[in-house]
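As structure tokens, the structure follows; a few thoughts come after it.
The values are calculated or read from the model by the stated rules, or taken from the named source; none is laboratory data. Since we're looking at a predicted model, the values are computed, not measured. All Cβ positions, even for glycine, are placed from backbone atoms using ideal geometry, and neighbour counts span all protein chains on display. Just so you know, the surface numbers come from the protein's heavy atoms only, side chains and all, with ligands and any DNA or RNA stripped out. Shrake-Rupley method; radii C 1.70, N 1.55, O 1.52, S 1.80 Å.
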Amino acid sequence: MKILANDGISQSGVDALESKGFEVITTKVAQEQLENYINENQVVGLLVRSATQVRKDLIDACPSLKLIGRGGVGMDNIDVAYAKEKGLHVINTPASSSASVAELVFAHLYGGVRYLYDANRNMPLEGETNFAKLKKAYAGGIELRGKTLGVIGIGRIGQETAKLGLAVGMKVVAYDPFIENVALQLSFFDGQTVDFNIETISKEEVLKQADFITLHVPAQKDYVLGKKEFELMKTGVGVVNAARGGVIDEVALVDALDSGKVAFAGIDVFENEPTPAVKVLMHSKVSLTPHIGAATGEAQDRIGVELADQIEALLK
């Protein structure tokens, strides 16, 4: 049986699938050619990340398909309900990349409070001629320790992010419409653990209390953070979005950055991927990454092996 990993898969995932008797194809097939390729090769399993779209027309046109797998959490690029209605298995790997996304959030936070997003742009240009000026410009950083981290969406990734916040000495407040409280366990290298319990509060209270806000929500119709939400925040707040493009109103975000309401933003996902708005890309107070939250070697290894295990259980 042939499995097409159209957006790539780790070597450990390939090895795991091949050891279970599957043929793994890692050719990147263009979206418009996908239907023909699947049918010509009688592909039974299609694995994607966020790039490939698996919509009703593709599902209907490819009778050989028995399974669609998403390497990661969000499945907004797949018509999940329709696929299941047509008898296909739809799987994902919700836990495999949580730690990697959480670490990227903190990369943006640490880079934000120490101006790395700007220093890395200006040091190559002016470091040799204006070192003292740049040193003065970036000398007003702050620490994360002792500050309040607001987590909007306290599912798996939100919980991993909260753990990192607690580990560096932050107070963590959280909002989630579906979760009232979470029990978190911090594990250390020597086997010691520390338990925390976080009771969620209202979104408005999180916005008012937080020094830094991080989003961990699925794609949705309306903005989670828009003009009204920015007005509730503390002046000088830092905002990070490593969840989904479109959950922040980017026009309102740019206005908030320009006014000083938001001190900096860390953005990994964008409203108009793969062609983000130039105003966001060029803003001097934005730390940028190109949708790489789950893109670590460790996460991709876990994703590949987990997908292989699920595929064997469903198709063998």
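Restricting to Cα pairs below 8 Å that are 6+ residues apart, what does the relative contact order work out to for region 1-120? Please round to a whole percent. List each step's numbers first, then the result.
Working: 162 pairs, mean separation 24.9, N = 120.
Relative contact order, region 1-120: 21 percent.
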Over region 175-316, with neighbouring protein chains present, the accessible area per residue in Å² at probe 1.4 Å is 52
Can you pull the one-decimal nm distance between simple spin-label points at residue 120 and residue 312, each 7 Å off the Cα toward Cβ? 3.9
What relative contact order, as a whole-number percentage, does the chain give when Cα pairs under 8 Å and 6 or more residues apart are counted? 18
Report residue 244's accessible area, 1.4 Å probe, all protein chains in place, as a number in Å² to the nearest 10. 30
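Ignoring ligands, DNA and RNA, what percent of the 1.4 Å accessible area of the chain is carbon and sulfur? Write out the running numbers ahead of the final one.
Details: 7960 of 15470 Å².
C and S fraction of accessible area: 51 percent.
Where does the charge balance sit around residue 181 when Lys and Arg score +1, Asp and Glu -1, over other residues with C-beta under 14 Å from its C-beta?
Values: positive: none; negative: 176, 180, 195, 199.
Charge balance near residue 181 sits at -4.
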What does the highest-first list of 268-276, 138-146 look like by mean Cβ count within 10 Å? 268-276, 138-146
Can you list the GluC sites (Glu not before Pro) in region 176-213 that are in a DSSP coil and have 14 or fewer other beta carbons within 10 angstrom? 180
Cut-off 11 Å between beta-carbons: net charge of the residues surrounding residue 226, Lys and Arg +1, Asp and Glu -1: -4
Estimated inter-spin distance, residue 145 and residue 129, nm [label 7 Å along Cα→Cβ]: 3.9
On Cα atoms only, tilt of 156-167 relative to the major axis of the chain in degrees: 30
Might you report the magnitude of the Cβ-based charge dipole of the chain about its Cα centre, with Lys and Arg at +1 and Asp and Glu at -1, to the nearest 20 debye? 620
Mean residue ellipticity (222 nm) of the chain, computed from DSSP H runs ≥ 4 via -39,500 (n - 2.57), nearest 500: -11000 deg cm²/dmol
Can you flag which of 203/285; 227/261; 28/316; 227/285; 171/203 are past 22 Å Cα-Cα? 203/285; 28/316
Candidate values (1) 21.4, 66; (2) 22.8, 92; (3) 17.6, 50, label of the one derived for Rg and Dmax of the Cα atoms in Å: (1)
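Take peptides 96-108, 51-63, 28-40 and line them up by average Cβ neighbours within 10 Å, highest first, as a rough protection proxy. If you can, show how the numbers build up before the last one.
Values: 96-108: 22.8, 51-63: 15.9, 28-40: 13.8.
Highest mean packing first, the order is 96-108, 51-63, 28-40.
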